[in-house]
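The values are calculated or read from the model by the stated rules, or taken from the named source; none is laboratory data. Bear in mind the structure is a predicted one, so any value in this text is a computation, not a measurement. Neighbour counts are summed over all protein chains in view; Cβ atoms, including those assigned to glycine, are modelled from backbone coordinates with ideal geometry. For the accessible areas, the whole protein counts, side chains as well, though only heavy atoms, and no ligand, DNA or RNA atoms are used. Shrake-Rupley method; radii C 1.70, N 1.55, O 1.52, S 1.80 Å.
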Amino acid sequence: MPKAFINRIATANPPHDVHDGFLRFGQQILKGDNRRLALFDRMADRCGISHRYSFLEPGPKLEDGGTAVDAEGFYRRGAFPDTGARMQKFETWAPGLAVEAVEKLLQGEDRSRITHVIVTSCTGFSAPGIDLALIEHCGLSPSVERTMVGFMGCYAAINALKLARHIVRSEPDARVLAVNLELCTLHLHETAELEEILSFLLFADGCAAALVSADPVGVEINSFRAALVPDTRELIRWHIRQQGFDMVLSGAVPGAIRTALSGSRDDILGGANDIELWAVHPGGRTVLDAVEQAFALPPAALTASRSVLNDYGNMSSGTVMFVLDRIMREAAGGQRGCAMSFGPGLVAETMMFRMAA
């Protein structure tokens, strides 16, 4: 049976760094509540993020008399947009970002050889969608097989790779384009709930595109394992509501991840004790701390994950691919690795891999 390889990865982000602007919005909401504002500021200082990107251009500082988070006024105090308005923005911006990443990925590639397209997203939906936009704008065959993986959250990229591996192992000539695109900043809420306000510290927009084939170049995909953590379904929730998509990310998530991974270490790693590369989804600084503790990793093991978190924030499904991209640029042939992402369930999706010689 043929092996499947992630041959290469390309990434793209919107143009505007909104991290400071979103933090100011959270501070404005909490103004007058000194205890919660102090907690928010302390979490902001410790979040491990310096930049997050969005198509929304930052507006004037709210404390300087502005009433909107962004220059356009899409997010205006007391008049936040409904789900329909947010989805119109997704339809406007998402296809172009996907095309940008795929054009980088397929530069010099014979595009007629692309046989399958897999797109994951949990932050927007439309039809015709991103898959057909890629065919139209990137010169793919109209007969390419298309699959949309929707609403799986941050671990969707691992599931897309799982599907791509199945395809290549059953069709050795297949060349699979896997695209993970999220516009998380379309779901900012005006809320007094501290846990939800704290999520403003994390989420951002981005797109990753990967080429998976039987060509023995890049990352050899070895195996997958999903770990469902019992009695944790309320810790990460993602629901479509009238004022956008509602995210609940409990502060108990890191502890649940640490406990679950500590108890399933051997099952996930298959008994391997020579793992040198760790592509861990940076769901937040404390999530990375939990993984480091569960696997007793040295501080340098999660350098790629922490640097992606610092530079881009949590881009949901695409983030682990940003991490894997950084690892692929520096890793040596033959090194073994483990990739993992976490999402609603609570579920850890893991992938064992080896760098091609």
(message) Six or more apart or on different chains, Cβ atoms under 6 Å: show the pairs whose first residue is in region 1-18 and open to solvent by less than 20 Å² (accessible area, probe 1.4 Å) and outside any strand (DSSP E or B) and whose second is at pLDDT 95 or above and of a type in the set (S, T, Y).
(response) P14/Y53; P14/S54; V18/S54
(request) Taking S141 as meeting all but one of (1) free of Cβ contacts under 8 Å to residues at least 40 places away in the same chain; (2) in a helix (DSSP H, G or I), write down the number of the exception. (result) (2)
(request) Say whether the condition of being small (G, A, S), in contact with a Lys or Arg (Cβ under 6 Å, 6 or more places away or on another chain) and in contact (Cβ under 8 Å) with a residue 12 or more places away in the chain is met by at least one residue in region 183-202. (result) no
(request) Could you look through region 294-312, keep only residues that are more than 17 Å from Y155 (Cβ to Cβ) and either polar (S, T, N, Q) or assigned to a loop (DSSP other than H, G, I, E, B) (or both), and pick out the one that is least open to solvent (accessible area, probe 1.4 Å)? (result) F295
(request) Can you give me the number of residues within region 233-255 that are of a type outside the set (K, R) and out of contact with any strand residue (DSSP E or B) (no Cβ under 9 Å at 6 or more places or on another chain)? (result) 7
(message) Checking C154 against (1) outside any strand (DSSP E or B); (2) surrounded by fewer than 22 Cβ atoms within 10 Å (Cβ to Cβ): exactly one of these is not met. Which one?
(response) (2)
(message) Checking the structure you have, find out if any residue of region 232-246 is modelled with pLDDT of 90 or more, open to solvent by less than 80 Å² (accessible area, probe 1.4 Å) and charged (D, E, K, R).
(response) no
(message) Please verify whether L277 is farther than 17 Å from A10 by Cα, more than 12 Å from the chain's Cα centre (by Cα) and open to solvent by less than 10 Å² (accessible area, probe 1.4 Å), treating the condition exactly as stated.
(response) no
(request) Please verify whether region 208-222 includes one or more residues that are touching a helix residue (DSSP H, G or I) at 6+ places or on another chain (Cβ under 9 Å), under 23 Å from V119 (Cβ atoms), hydrophobic (A, V, I, L, M, F, W, C) and open to solvent by 10 Å² or more (accessible area, probe 1.4 Å). (result) yes
(request) Kindly indicate the residue of region 63-84 that is surrounded by 14 or more Cβ atoms within 10 Å (Cβ to Cβ) and outside any loop (DSSP other than H, G, I, E, B) and also modelled with the lowest pLDDT among those meeting that condition. (result) A68
